[in-house]
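A.B. asks: Sharing a structure, written as structure tokens. Questions coming.
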Ligand code: GMT
């Protein structure tokens with residue numbers, strides 16, 4: 001198959017899933033063409049089946065907001081024609097689904113039929129997409145897609161709840177490459193951070209409000225009095241400066257480290273004992289799956305799709321959003337020496353259920369189904 005993938009090329013989860021999917025498809029022999037405005041972060045190696053087409057957005061003094069959507073649609077038209085693609089798979093509805101719809105209409109006028117699959121990832125539905133500034137376009141373009149996938153049952157239900165979507169939505173969860181995400185031996189690193197055998201707590205995110213990083217700090221603030229521990233915060237975003245101030249005000253900086261954006265996140269997870277994800281909203285929680293793969297149990301909120309990943313008492317615990325006290329109690333329980341090894345084993349077993357080798361065939365068979373069905377409608 002020749003597949004065009006459109007995504008955000010940055011560190012966000014939707015871009016990571018799209019890029020890892022493209023890489024896995026290429027390894028299976030499909031030809032994959034990325035269409036993005038810059039090189040996707042994780043598209044950093046050579047494979048003869050992988051192509052990258054950069055969307056050029058010419059500046060013009062009249063444009064206060066350069067019309068990215070138009071440039072993207074035009075580029076999709078060029079790539080579909082040039083490379084004779086079988087399918088366009090767009091990740092994150094805004095604005096990729098509407099740009100794809102426009103490209104499809106332009107190509108149809110030239111006698112070229114291209115089916116479109118839109119994958120819904122999270123805030124394109126739960127936060128940004130349902131805002132009235134975007135909702136009519138999001139609803140229309142989802143309904144015009146030939147196939148729609150969502151990364152959890154919860155996100156599928158949210159889509160039907162917030163939008164007048166009339167089509168079937170296929171749930172295909174996030175996946176993990178266990179050959180990259182696994183527990184590596186990094187004892188020297190652990191010793192440097194936890195010289196007195198403290199437990200190591202990790203949170204990774206893009207430091208947005210929806211991640212409730214204040215809760216991460218307040219959990220750790222109580223936890224370190226019960227279990228000697230250190231906290232590593234990985235990632236960057238709008239809330240980072242405020243959170244650093246909060247740690248300073250609480251006099252916690254000796255136990256908290258901010259690592260910024262990191263590529264080799266698996267190295268940090270390899271020395272972690274517990275992962276915190278107290279999000280306000282989380283359609284799946286890819287970062288939590290990465291932690292599980294590195295044998296790290298989870299303390300999460302029960303938002304969105306997190307109950308579909310984190311099994312209470314097995315891989316960790318779920319608490320109501322904002323229930324810091326409950327999260328502290330559960331974290332302390334997991335970190336007891338008699339409990340931790342069991343939770344770590346369970347974490348890996350759970351991650352294996354989301355191995356890319358299991359999830360990829362789901363995408364491939366869905367692609368085939370959508371291509372077949374869309375031929376029937378031409
Ligand atoms: O919705 C977002 O916040 C953006 C999106 C991204 O691009 O970072 O993240 C979402 O997509 C991931 C991949 O499917 C999911 O694992 C995340 O749970 C989801 N984030 C939220 O729902 C907040």
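All of the numbers you see were taken from the coordinates with simple rules; none came from a lab. A quick note: this is a predicted structure, and the numbers were derived from the prediction, not measured. Because the Cβ atoms are built from the backbone with ideal geometry, glycine has one as well, and the counts that use them run over all protein chains shown.
A.B. asks: What spacing in nm lies between the two simple spin-label points modelled at residue 108 and residue 188, each 7 Å away from Cα in the Cβ direction?
C.D. replies: Rounded to a tenth, the inter-label distance reads 6.0 nm.
A.B. asks: Residue 358 to residue 62: FRET efficiency via 1/(1 + (r/R0)^6), r the Cβ-Cβ distance, R0 41 Å, to the nearest 0.05?
C.D. replies: Given R0 = 41 Å and the Cβ-Cβ separation, E is 0.25.
A.B. asks: Over the chain, with a Gaussian network built from C-alpha contacts below 10 Å, which listed residue (279, 70, 145) shows the highest mean-square fluctuation?
C.D. replies: Fluctuation is largest for 70.
A.B. asks: Per DSSP H run of at least 4 residues, take -39500 (n - 2.57); add these up for the chain, divide by its residues and hand me the 222 nm value, nearest 500 deg cm²/dmol. Let's see the in-between values first.
C.D. replies: Details: 14 runs with 163 residues, N = 378.
Only helices count here, giving -13500 deg cm²/dmol.
A.B. asks: Report the Cα centroid-to-centroid distance between the range 1-28 and the range 187-212 in angstrom, as an integer.
C.D. replies: 28
A.B. asks: Here is a follow-up. For the range 217-330, go through all pairs of different Cα atoms, get the mean of 1/r, take its inverse, and jot down that Kirkwood value in Å.
C.D. replies: 14.6
A.B. asks: Using a Gaussian network model of the chain with C-alpha springs under 10 Å, which one of 198, 28, 353 is most mobile by mean-square fluctuation?
C.D. replies: With Cα springs under 10 Å in the chain, the top fluctuation among 198, 28, 353 is at 28.
A.B. asks: Order 252-263, 149-160 from most to least packed using the mean count of other Cβ atoms within 10 Å.
C.D. replies: 149-160, 252-263
A.B. asks: So what's the Cα pair-distance distribution over the chain, bin width 10 Å, in %?
C.D. replies: Taking every Cα pair in the chain, the percentages come to 5, 23, 31, 23, 13, 4, 0.
A.B. asks: Additional query: What distance in nm separates the simple spin-label points at residue 133 and residue 47, each placed 7 Å from Cα in the Cβ direction?
C.D. replies: Each label point is offset 7 Å from its Cα along the Cβ direction, giving 3.6 nm.
A.B. asks: Can you tell me which of 115-124, 97-106 comes out highest on packing, and rank the rest after it, using the mean Cβ neighbours within 10 Å?
C.D. replies: Going by the mean number of other Cβ atoms within 10 Å, highest first, we get 115-124, 97-106.
A.B. asks: Quick one, what does Rg over Rh come out to for the range 135-271 if you take C-alpha atoms and the Kirkwood Rh? Please list the in-between numbers first.
C.D. replies: Values: Rg = 19.8 Å, Rh = 18.0 Å.
Ratio value, two decimals: 1.10.
A.B. asks: Give me the angle, in degrees from 0 to 90, between the Cα long axis of helix 153-162 and the longest principal axis of the Cα atoms of the chain, rounded to the nearest 10.
C.D. replies: On a 0 to 90 degree scale, this one is about 60.
A.B. asks: Name the most mobile residue of 281, 141, 365, meaning the one with the largest mean-square fluctuation, in a Gaussian network model of the chain with Cα contacts below 10 Å.
C.D. replies: Highest fluctuation of the listed residues: 365.
A.B. asks: In whole angstrom, and with the biggest value first, how far do the Cα coordinates of the range 171-238 range along each principal axis?
C.D. replies: Extents along the principal axes: 43, 32, 21 Å.
A.B. asks: Sort out for me the Cα centre separation of the range 68-124 from the range 272-299, rounded to whole Å.
C.D. replies: 32
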